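Participant: This structure is in structure tokens; I'll ask about it shortly.
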Amino acid sequence: MPTRLNFHRMWESQNTYVFDIDPGSVQSILHTVPKIASFADKDWLYYFENGNSAAYYTEEGIEKAKASGLKDFLDTNFEKKYFSGIREVLKTASDFLKKLASTDKTKSQDKDLANLIERGAKINTDIFGYYLACQPQYVAGIEDHVQRLLSKTMPTDKVVETFTLLSTPTIPTSIKKEEIDWLELLLSAKVKTPKADADTENKIRSHLKKYYAVRVEEQWKLWDFEYLLSKFKEDIKTPKDELLSSLKTIKNFLGKIKTDQNKAIRKNKISKEIVYICGVLAEIGHCRFEMRVIGWMPIQYHLELLAKEAARRFSYNPEHIKFAQVSDVLGLFRGEPLDKEVLKERSGQFLYLIKDRKTYLYGGNEAKNKFHELVDQVDHSAIKEFGGKVAMKGKVIGTAVVFKWTDDLTEKMKLMREDSILIAGQTRPQLMPLISKSRAIVTDEGGITSHAAIVSRELGIPCVIGTRIATHVIKDGDLVEVDADNGIVKILIKKII
């Protein structure tokens with residue numbers, strides 16, 4: 001009798017549909033990751049139910065990815081080829097996005113629309129190949145390796161702090177570049193006139209052309225001129241001193257990190273080997289951020305618009321078309337109809353399974369039953385303490401605010417207090433309003449290159465990552481202790497409902 005696969009939830013998402021996950025993860029795992037890394041999962045599943053979804057990996061796959069990442073990223077030839085490949089696919093994505101921005105999708109010929117869908121899906125598959133090949137399980141081995149090396153030359157209590165410092169990226173992300181350019185635009189306008197004159201409007205248009213897609217994940221739409229103009233009219237009211245202070249803070253941060261890194265290297269006589277490996281991890285963290293915000297997220301946004309246009313032309317529900325595979329949507333252009341009832345079933349639940357590198361797609365109750373057959377449902381109610389990895393040291397006690405991707409961000413903001421601790425599956429740029437008001441961060445997912453790890457170091461707040469179960473154990477209002485010196489999270493008092 002075959003051994004039952006032991007699936008673990010690794011990351012979660014909101015409103016990520018078959019049409020997104022098909023090129024983004026499934027095709028990448030099957031076709032792109034094997035070309036990049038020395039290991040690719042042969043068993044994997046993704047379950048969607050009423051808007052909330054998560055990806056699950058096997059215990060065996062997680063361990064093999066850890067060994068693969070250690071082998072691959074310690075190979076300088078692999079590392080150079082890997083980062084060169086990322087630059088290449090991001091350049092391809094940028095060129096494609098420019099083409100999409102100048103294309104009226106509603107007026108495209110059927111053949112051209114189909115080509116855009118096929119091309120966009122292929123680019124996303126390529127980007128995701130590199131993104132998946134540096135997931136937390138792939139870098140876990142190299143993280144452990146570096147910390148073992150550091151422990152030979154310094155006290156144990158200094159290892160994590162030094163490691164997190166040396167692996168912090170010092171290159172500004174596209175989001176940081178946009179913030180800097182926007183602040184400089186505002187300051188330039190302050191010197192002349194607080195109104196948006198012709199020259200300022202031209203600068204806003206230039207800013208839009210450069211950064212229109214950078215924030216797509218936060219609002220799930222592209223910026224347009226009207227939005228940026230209204231933003232300008234609001235932001236220009238900010239006193240000049242505050243604008244200068246914000247600009248100085250952003251510019252000085254990365255410089256300070258670099259200075260602190262150099263001091264730590266000299267003080268602790270850290271070897272060139274350790275410095276090099278930490279530099280690789282820092283670059284992975286930076287690239288993961290860029291692949292997301294200027295790569296697959298804006299392309300995914302456009303692909304959904306293209307799919308909806310296909311739905312309009314072939315008389316399908318535009319919301320249900322998102323539950324079709326890319327090959328099925330392309331089939332519409334060849335006269336191959338889709339089963340509308342199947343799509344409707346998947347809109348409630350679907351399960352996309354890779355088993356022995358073969359794919360299976362289930363919808364409706366069949367998907368739900370299959371999920372419960374494959375994934376153990378664990379009762380976490382008795383757990384009061386659990387561990388994770390330290391991303392930023394510190395120890396605080398506070399009140400939990402638990403964010404899941406089906407939650408309303410505005411409603412969660414209302415729960416934030418001075419002592420709030422953010423508990424999330426993982427953090428992403430759109431959670432910055434919550435993060436900036438938090439005393440600490442605890443996540444289910446993540447490694448040292450994750451968004452939560454990088455942002456917590458930027459803000460200097462304690463952070464424990466990779467707990468796997470935090471959002472299942474902790475509830476809003478629980479009194480929680482986050483010991484990010486030792487990677488321990490405790491529930492001190494459960495909220496009485």
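Participant: So for segment 276-324, what are the equivalent ellipsoid semi-axes in whole Å, largest first, each being the square root of 5 times an eigenvalue of the Cα gyration tensor? List each step's numbers first, then the result.
Facilitator: Numbers: eigenvalues 277, 14, 6 Å².
So the equivalent ellipsoid measures 37, 8, 5 Å along its semi-axes.
Participant: Over segment 202-265, consider all pairs of different Cα atoms and compute the Kirkwood hydrodynamic radius from their mean reciprocal separation; express it in Å, one decimal.
Facilitator: When all Cα pairs of segment 202-265 are included, the Kirkwood radius is 14.3 Å.
Participant: Would you mind checking which residues have amide H under 5 Å from G348's amide H? H placed 1.01 Å from N; only 5 or more apart, or other chain.
Facilitator: Long-range HN contacts for G348: G364.
Participant: Taking the Cα centroid of segment 40-86 and of segment 121-139, what is the distance between the two, rounded to the nearest whole Å?
Facilitator: Rounded to whole Å, the Cα centres lie 8 Å apart.
Participant: Treating the Cα atoms of segment 26-75 as identical point scatterers in vacuum, please give the log10 of the normalised Debye intensity I(q)/I(0) at q = 0.14, 0.26, 0.33 Å⁻¹, two decimals.
Facilitator: -0.41, -1.01, -1.21
Participant: Enumerate by residue number the chymotrypsin sites (Phe, Trp or Tyr not before Pro) in segment 201-296 meeting two conditions: DSSP loop (anything except H, G, I, E, B), and at most 15 other Cβ atoms within 10 Å of the site's Cβ.
Facilitator: Sparse-neighbourhood loop chymotrypsin sites (Phe, Trp or Tyr not before Pro): W220.
Participant: Peptides 107-120, 339-352: what's the order by average Cβ count within 10 Å, highest mean first?
Facilitator: Going by the mean number of other Cβ atoms within 10 Å, highest first, we get 339-352, 107-120.
Participant: Okay, next question. What's the carbon and sulfur percent of segment 33-115's accessible surface, probe 1.4 angstrom, rounded to a whole number?
Facilitator: 49 percent
Participant: What ranking of L361, L187 comes out by heavy-atom accessible area, probe 1.4 Å, highest first?
Facilitator: L361, L187
Participant: P(r) of segment 343-497 in 10 Å steps, Cα pairs, percent per bin?
Facilitator: 11, 36, 28, 19, 5
Participant: Taking the Cα atoms of segment 124-264, report the difference between the largest and smallest coordinate on each principal axis, in whole Å and largest first.
Facilitator: 61, 40, 18
Participant: Continuing with this model, one more query. Rg and Dmax of segment 90-162 over Cα atoms: what are they, in angstrom?
Facilitator: For segment 90-162, the Cα-based Rg and Dmax read 21.9, 66 Å.
Participant: Right, another one. If packing is taken as the average number of other Cβ atoms within 10 Å across a peptide's residues, how do 44-55, 198-209 rank, most packed first? Write out the running numbers ahead of the final one.
Facilitator: On the way: 44-55: 20.4, 198-209: 14.3.
Peptide ranking by packing, descending: 44-55, 198-209.
Participant: Quick query: amide H of A440 versus all other amide H atoms, modeled in the peptide plane; which residues come in under 5 Å with a sequence gap of 5 or more or a different chain?
Facilitator: L422
Participant: Can you work out the base-10 log of I(q)/I(0) for the chain at q = 0.08, 0.13 1/Å, using the Debye formula on its C-alpha atoms alone?
Facilitator: With one equal scatterer per Cα and no solvent, log10 I(q)/I(0) is -0.53, -1.42.
Participant: Can you list the residues, at least 5 places off or on another chain, whose amide H is less than 5 Å from the amide H of T58, using H built in the peptide plane?
Facilitator: Residues meeting the criterion, in which the H sits 1.01 Å from N, are H8.
Participant: Write down, largest first, the equivalent ellipsoid semi-axes of segment 288-404 in whole Å, where each equals the square root of 5 times an eigenvalue of the alpha-carbon gyration tensor.
Facilitator: Values: eigenvalues 272, 97, 40 Å².
Equivalent-ellipsoid dimensions as semi-axes: 37, 22, 14 Å.
Participant: Students often forget the sequence filter, so: which lysines lie under 16 Å Cα-Cα from K107 once same-chain residues fewer than 8 apart are removed?
Facilitator: K99, K308
Participant: Need one word for segment 219-297: rounded, prolate or oblate. Basis is the Cα gyration tensor (sqrt eigenvalues a ≥ b ≥ c); a/c below 1.5 gives rounded, then a/b vs b/c decides.
Facilitator: Oblate, because a/c is 1.5 or more while a/b does not exceed b/c.
Participant: Order the peptides 262-271, 158-167 from the highest to the lowest mean number of other Cβ atoms within 10 Å of their residues. If you can, show how the numbers build up before the last one.
Facilitator: Details: 262-271: 13.4, 158-167: 21.0.
The most tightly packed comes first, giving 158-167, 262-271.
Participant: While we're here: Using Cα pairs under 8 angstrom and six or more residues apart, how large is the relative contact order of the chain, in percent? Intermediate results must be reported in sequence, preceding the final value.
Facilitator: On the way: 832 pairs, mean separation 94.4, N = 497.
The value is 19 percent.
Participant: What is segment 125-200 by shape, rounded, prolate or oblate, if you read a ≥ b ≥ c off the alpha carbon gyration tensor as root eigenvalues and call it rounded for a/c under 1.5, prolate for a/b larger than b/c, and oblate otherwise?
Facilitator: Note, shape of segment 125-200 comes out oblate.
Participant: With all pairs of different alpha carbon atoms counted, what Kirkwood hydrodynamic radius in Å does segment 236-352 show?
Facilitator: With all distinct Cα pairs of segment 236-352 included, I get 19.4 Å.
Participant: Which three extents, in whole angstrom, do the alpha-carbon atoms of segment 31-148 cover along their principal axes, largest first?
Facilitator: 58, 39, 21
Participant: I would also like to ask the following. Any idea what the alpha-carbon Rg over 2.2 N^0.38 Å comes to for segment 359-443?
Facilitator: 1.40
The values are calculated or read from the model by the stated rules, or taken from the named source; none is laboratory data. Everything numeric in this text was worked out from a predicted model, so none of it was measured. Neighbour counts are summed over all protein chains in view; Cβ atoms, including those assigned to glycine, are modelled from backbone coordinates with ideal geometry. The area values use the complete protein model at the heavy-atom level, side chains included, leaving out ligands, DNA and RNA. Shrake-Rupley method; radii C 1.70, N 1.55, O 1.52, S 1.80 Å.
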